[in-house]
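What follows is a short report on a single structure.
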Amino acid sequence: MRTSNVLLGLLLSSAAVGCAGENLETDVVDTDVAETDVVDTDDTEAVDTDDTDVVDTDDTDIAVDTDDTDVVDTDDTDVQDPDADADGYTAGGGDCNDGDAAVNPGATEVCNGLDDNCDESTDEGLLTTFHEDADGDGFGGPNTQLACTAPGAEWVEDGTDCEDSNDAVNPSATDTWNHVDDDCDGDIDPGIVLVNTLDDVTADDGLCSVREAIVAANTDTASGVTPGECRAGGVADIIEVPPGIYIMADGLLDLGNGVSVVGSGGGQTLLAGGSAFELELLSGAELNDCDVDGGSLTVRAGAIAQWGADGQVTLSGTLTNEGGMTGGDGLVVDAGSIENAEGAWISAYTLELISAADVINDGEVTAQDGLVAEVAGGFLNRGTRAVPLGTVVSHGNIDIFAATVINNGAMDADVDITIDAGSIPTRSSAATTANGTNPRAPRISTTARTCTTIFRTITRSSTGPALTR
């Protein structure tokens, strides 16, 4: 019926175009177009809206996601996660070993190589650092192990050994003068001051001279604040002087009580000064392995000058010995004059005394292998008839070359005694002292079995030249 109306309208429109004009045809066509709009709207809304809403919502919420997930996950976990070791923790609940009731998140960590509390750490906070004690002195070195107990007898907790290959070096050792940190305190040879310049300087310049070192030791005052200066005394009373020739300024230099000046290093250490350089060792002082070349040397009672090998003392002035002088091998003393006081001693394996004036001995002169004295003046083994003081002893020969030889004491040799002198005054053993007693007679003796010449006198003019060997 609707189609017939449309056709009828079209026929009428065609008739109207021919009879009544253009306006009537335009109005009828516009009305039909409005009817087309109604058809289009209905079709779009019916198809799009219904299909989308119904299919999407139902499938996602009900059929697939919500129901399947909740039911399957919850049921499966509860059934498959038992507490196998009955410690109150399951594997899913954090138990890292559900076969050991001692291992679970609530356990206390013990030092056993296991993760007892399931925190993914083993023996945390319980391990001890052990140090290898390679030299067996009870102190370990740098090699370490972390363990609950010592891995062996050679492993200790103390790791303060600074030299684990030497059992004499450790924190309990006593530091000695050996250029080694014996007690591992970081201070090599405390109490030792090292001379580091050959010059006799006295300035705060980072250098420690022999003079500065001696003064610092005598006064307990450092020679300066610049690094390299001499330490103060008290902890620095041993003064180490490396080999070399140390040029000394003129004037007197005293070594105080307790001060030792030691030449070290195997070579010659020589304190060399001019005729105005005087070295004096006060009581308690020591001069070790240091040769002296200068004006004079005085060794007071209680002091000692000694040499481990050969020693050399060369003086333009006087050697005055009131204490002790000894040479391990040979000792040569060449001085303007030599005085060995009562109670003093000079000894060496081989001993040579050379004097431009006199050798005066009121003490003891001893040589293990041989004694030679070359004296331009008199060799006086001095004393009085009442108090014979000096002794001259050799387990080898005694050879004395002098202008005059006077013996008021004793000369003893295991081999020969040879005296070559311009004059030898005679002494009568029958002389008496003021109180009438007969003192011990002077003695010259030898125990040699074959001795062709024990004693001989060569007459010289008292004004003649000095004798030579």
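The values are calculated or read from the model by the stated rules, or taken from the named source; none is laboratory data. As the structure is a computational prediction, the values presented were derived from the model and not from experiment. Here the Cβ is made from the backbone with ideal geometry for all residues, glycine too, and neighbour counts use every protein chain on show.
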Out of A344, A402, I need the residue that is within 26 Å of L270 (Cα to Cα) and either at pLDDT 95 or above or under 43 Å from the mean Cα position of the chain (by Cα) (or both). Which one? A344
Evaluate the following for N340: is it touching a residue at least 40 places away in the same chain (Cβ under 8 Å) and in contact with a Phe, Trp or Tyr (Cβ under 9 Å, 6 or more places away or on another chain)? no
Tally time: how many residues in segment 339-375 are touching a His at 6+ places or on another chain (Cβ under 8 Å) and part of a loop (DSSP other than H, G, I, E, B)? 0
Within segment 61-116, how many residues turn out to be aliphatic (A, V, I, L, M), over 54 Å from the mean Cα position of the chain (by Cα) and at pLDDT 50 or above? 5
When you scan segment 120-139, do you find a residue that is at pLDDT 90 or above and within 30 Å of G266 (Cβ to Cβ), even just one? yes
Of all residues in segment 235-258, count the ones that are part of a loop (DSSP other than H, G, I, E, B), at pLDDT 95 or above and crowded, with 18+ Cβ neighbours inside 10 Å. 0
Could you list all residues from segment 188-234 that are among the hydrophobic types (A, V, I, L, M, F, W, C) and surrounded by fewer than 21 Cβ atoms within 10 Å (Cβ to Cβ)? I188, L194, L198, V201, A203, L207, V215, A222, V225, A232
What number goes with the only condition from (1) under 25 Å from the mean Cα position of the chain (by Cα); (2) farther than 17 Å from A305 by Cα that V210 does not pass? (2)
Determine whether segment 164-187 contains at least one residue that is of a type in the set (A, V, I, L, M), more than 30 Å from A222 (Cβ to Cβ) and not assigned by TED's automatic domain parsing to the domain that holds I245. yes
Taking the conditions exactly as written (assigned to a loop (DSSP other than H, G, I, E, B) and over 27 Å from A86 (Cα atoms)), does G140 satisfy them or not? yes
Picking from A309, A203, A303, the residue that is out of contact with any Leu (no Cβ under 9 Å at 6 or more places or on another chain), of a type in the set (A, V, I, L, M) and in the same structural domain as S347 (by TED's automatic domain parsing) would be A309
Can you confirm whether A216 is in contact with a Ser or Thr (Cβ under 7 Å, 6 or more places away or on another chain), within 22 Å of L282 (Cα to Cα), at pLDDT below 95 and part of a helix (DSSP H, G or I)? yes
With the structure loaded, tell me whether S275 is under 18 Å from T314 (Cβ atoms) and touching a residue at least 12 places away in the same chain (Cβ under 8 Å) or whether it fails that test. yes
Here are D185, D175: which of them is surrounded by 18 or more Cβ atoms within 10 Å (Cβ to Cβ) and in a loop (DSSP other than H, G, I, E, B)? D175
Return the residues of segment 275-312 that are among the small types (G, A, S) and within 13 Å of L253 (Cα to Cα); say none if nothing qualifies. A276, A285, G294, G295, S296
Among the residues of segment 368-381, count how many are modelled with pLDDT under 95 and either surrounded by fewer than 19 Cβ atoms within 10 Å (Cβ to Cβ) or touching a Leu at 6+ places or on another chain (Cβ under 6 Å) (or both). 2
Which of the numbered conditions does D329 fail, given that it passes all the others? Conditions: (1) more than 22 Å from R382 (Cβ to Cβ); (2) part of a loop (DSSP other than H, G, I, E, B); (3) among the charged types (D, E, K, R). (2)
